[in-house]
Amino acid sequence: MATPIYEFAQTSRGDASDRSRTRRRGASDEPPVVGVIYNPRSHRNLGADFDCGLSPHVHIAQPGARAQLPAALAELAERGIDLLVINGGDGTVRDVLTCGRPIFGDDWPAIAVLPKGKTNALTVDLGIPDDWTLQDAINALDDGGRVRRRPLEVMPLDDSGPGSSPAGVSGFILGAGAFTTATRAGQGAHKLGAFNSLAVAVTGLWALTQSLFAGRANHWRRGARMRIGLGAGDVPMAHSGRGDPDMRQVLFASTLERMPAGIRPFGVLRSGLKLVALDQISRRTTALIPLVLLGRGPKNLRERGIHQLAASHFTLSIDDQFILDGEAFPAGDYRVGLGPELAFVSP
């Protein structure tokens, strides 16, 4: 369910009439109705058959492409599912949330995620073990907990005016500048067999080394030309004056509260939409990045060119690709806000 670069024109826009769905749990002793989106291309699903237990209450869809997802989700919605299980990685979650928004609107069933991708940052945040199974997820619907998160919604500004039909994309981790470069490098880490937190560590170490010894013209330190406008007033994000004021070395945004490898890029900020942006910082400040990621950086980070903040939403105008949950999106002008609150099942 991936393309080399995401095309917003391919996003299913749906219809308001599709949002009226019936979801009713029967008597307490009746098993829940479960819908499963199974991505056979996910890293840990390759070459494996999915055991659904042949239960009449479990309905499995295996769309072979993103374009087939809306129909698969609409069919599950018509069945009145109590639980939607996403069997795949962060990219599969992004595609399901994006294609499901016109169908479920703000009234989603409970969601469970089986960590089967190359990257599974969402399940790290939810506290899902690597060996979680479909049966574990079904059991947790009654016996487990709930973690509530709101995904990011990224929408082209030229597609969000009055009377337009939105074609936004939903996800949990957005990055730009050196983050885009690091994502490309991370593909190399995957080829070496490093995934999840290990891939984060390997890629992060390489990025830090490049930033410590390269000049500002190096693509790791140059970043991307971008403008970030905060909140309803679209107030430009402050700049420390270090390096080119039109450039940011890194932009990273998420609504997750726990990150892979235990990093804390947003400092003390936890809930809601959070951003961290780096100007073209000095090598001395770059050496502090490991401490910053552990939440132990100095107090004057903003003066050093490191900005950690929360926002209800922001606009992003960028002249380079950015990344949302592992996939590249084209340069342009965007609004990044919050999607509906979703209830994720946890152990």
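The values are calculated or read from the model by the stated rules, or taken from the named source; none is laboratory data. Here the structure is a predicted model, which means the values were calculated and not measured. When we count neighbours, we look across all protein chains shown, and the Cβ atoms used for this are built from the backbone with ideal geometry, even at glycine. These accessible areas exclude ligands, DNA and RNA; they are computed on the full protein's heavy atoms, side chains included. Shrake-Rupley method; radii C 1.70, N 1.55, O 1.52, S 1.80 Å.
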Please go through (1) over 22 Å from V113 (Cβ atoms); (2) touching a helix residue (DSSP H, G or I) at 6+ places or on another chain (Cβ under 6 Å) for A311 and return the number of the only condition it doesn't satisfy. (2)
Answer yes if at least one residue in the range 45-65 is out of contact with any Cys (no Cβ under 8 Å at 6 or more places or on another chain), in a helix (DSSP H, G or I), modelled with pLDDT of 65 or more and farther than 30 Å from Y334 by Cα, and no otherwise. no
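Each row is one residue, and each column tells you yes or no for (1) open to solvent by 30 Å² or more (accessible area, probe 1.4 Å); (2) part of a strand (DSSP E or B).
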{"site": "M226", "(1), (2)": "no, yes"}
{"site": "G229", "(1), (2)": "no, yes"}
{"site": "A232", "(1), (2)": "yes, no"}
{"site": "A238", "(1), (2)": "yes, no"}
{"site": "R264", "(1), (2)": "yes, no"}
{"site": "G267", "(1), (2)": "no, no"}
{"site": "A277", "(1), (2)": "no, yes"}
{"site": "I281", "(1), (2)": "no, no"}
{"site": "E303", "(1), (2)": "yes, no"}
Give the number of residues within the range 51-75 that are hydrophobic (A, V, I, L, M, F, W, C) and within 25 Å of D131 (Cβ to Cβ). 5
If A328 satisfies all but one of (1) modelled with pLDDT under 95; (2) under 30 Å from R284 (Cβ atoms), what's the number of the condition it fails? (2)
Per the list (1) among the small types (G, A, S); (2) part of a loop (DSSP other than H, G, I, E, B); (3) crowded, with 17+ Cβ neighbours inside 10 Å; (4) in contact (Cβ under 8 Å) with a residue 40 or more places away in the chain, residue check on G297 breaks on (4)
Which of the residues belonging to the range 122-139 are under 25 Å from Q68 (Cβ atoms), crowded, with 23+ Cβ neighbours inside 10 Å and in contact (Cβ under 8 Å) with a residue 60 or more places away in the chain? L122, A137, I138
Return the residues of the range 65-91 that are touching a residue at least 40 places away in the same chain (Cβ under 8 Å) and open to solvent by less than 10 Å² (accessible area, probe 1.4 Å); say none if nothing qualifies. L69, L76, A77, G80, I81, L83, L84, V85, I86, N87, G88, G89
Any chance the range 160-176 includes a residue that's touching a Ser or Thr at 6+ places or on another chain (Cβ under 8 Å), at pLDDT 95 or above and among the aromatic types (F, W, Y)? yes
The correct count of residues that are small (G, A, S) and at pLDDT 95 or above in the range 239-249 is 1
So, in the range 313-332, how many residues would count as being surrounded by 15 or more Cβ atoms within 10 Å (Cβ to Cβ) and part of a strand (DSSP E or B)? 11
